[in-house]
1. Counting just the Cα atoms, what span does the stretch 208-332 cover along each of its three principal axes? Round to the nearest Å and put the largest first.
2. So which DSSP H runs in the chain come out at 24 Å plus along the axis (Cα) with average Kyte-Doolittle of at least 0.5?
3. Distance in nm between label sites at LEU220 and ASP205, each 7 Å beyond Cα in the beta-carbon direction?
4. Most fluctuating residue of GLU41, GLU81, GLU31 in a GNM of the chain with Cα springs under 10 Å: which is it?
5. Could you give the distance between the Cα centres of the stretch 241-276 and the stretch 126-153, to the whole Å?
6. In whole angstrom, note down how far apart the Cα centers of the stretch 50-122 and the stretch 1-24 are.
7. Which peptide among 108-114, 182-188 comes first, and what is the full order, when sorted by highest mean count of other Cβ atoms within 10 Å?
8. Most mobile of ALA265, ALA160, ALA224 per a Gaussian network model of the chain (Cα springs, under 10 Å)?
Amino acid sequence: MEEILRDISARKFAPVYFLHGEEAFFIDKIEDTIEKHALTEGEKGFNQTILYGKDIDPLTLLDYLRRYPMMSERQVVILREAQEMKGINELLSYVENPMPTTLFVVCFKHKKYDMSTKLGKALKAKATVFEAKKLYDNQVADWINSYCKTQGMSIEPKAAALLAEYLGTELSKVANEIGKLALNLSKGTAVTEKHIETYVGISKDFNVYELQKAFAGRDLKKIALIRHYFEANIRKNPLIVTISSLFSFFSKVYMLHFVKNSSDAEKVKTLELRSDWFLKDYKLAASNYSPAQTRKILGFLRDYDLRSKGVNTDLSSSGEEELMKELFWKLVHC
């Protein structure tokens, strides 16, 4: 993606950009960069057209694409939500012979396009194609670190891990929260857990990251303190997020039992961790929970994940707080 962005910023444009895949943030980033550099503000009024897949048909779209620019060297046509367009394969003839004065951007979001089709093969041969892949959980903290640099900040490893654990892999959401930090902190600031607590609203002491560490060490007092905090702030700490975090953690603990005689490097690879710095908590948990106990914990978490979604539970009578209390009691007594 970086090479595509560099070329666009240098005003080296391809006639067709086909942006597809599950991670909409990357697609939006490329589209925004094209909008910024392809035309001046004065040229956009006559030469920039934004269309939506559900509202356009291939013949009408082709008519837009084959128009000539007005008082500009190019026109820009952006097709958003292209995955909703019927008959998108009918663009084959255009892709094979695009207008040299039209810059065509196709934003095909939330899924991968089948590049084995005739249109897909033509795109690979004639267009700039970018597949926006979702990041894996263990890649998000590194992405946060890189994105903070683009905002003129750095971020401490624990702070990046905390954001990644709470916000997950939805990068638009993560970028929005980093944007809040950038607005409130001066350039060159090293973002800490305290900054995240102040400006994002995630407690540096009572969060799912600290909860994992407390369970790893069987620190019953800290587990109880975090549970009480979560129950009192259930909207900011929904049960489903807590369960997801603990399930991910104990799944890795379970895997660790089967590679306990491997090197640390092999363990990091198997558990898909960013570095061996994160391995210590999993090692501690593996020493405190046998494989049988870990399986039992994973079973409880699966059960309460379903219950938190209303399966076999009347949530009107058993609120999230009560379910959380039940779950934690079972986990600490496992």
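1. So the extents along the principal axes, rounded to whole Å, are 49, 26, 22.
2. Membrane-span-like by this criterion, though nothing is claimed about a membrane: 239-258.
3. Calculated label separation equals 2.2 nm.
4. Largest GNM mean-square fluctuation: GLU41.
5. Result: 23 Å between the Cα centres.
6. 15
7. In decreasing order of mean packing, 108-114, 182-188 become 108-114, 182-188.
8. With Cα springs under 10 Å in the chain, the top fluctuation among ALA265, ALA160, ALA224 is at ALA265.
Every read-out reported here was derived from the displayed coordinates using simple, explicitly stated rules and does not represent laboratory data. Treat the numbers as computed from the prediction; the structure is a model and nothing was measured. Reconstructed Cβ throughout: ideal geometry from the backbone, glycine too, with neighbour counts over all protein chains shown.
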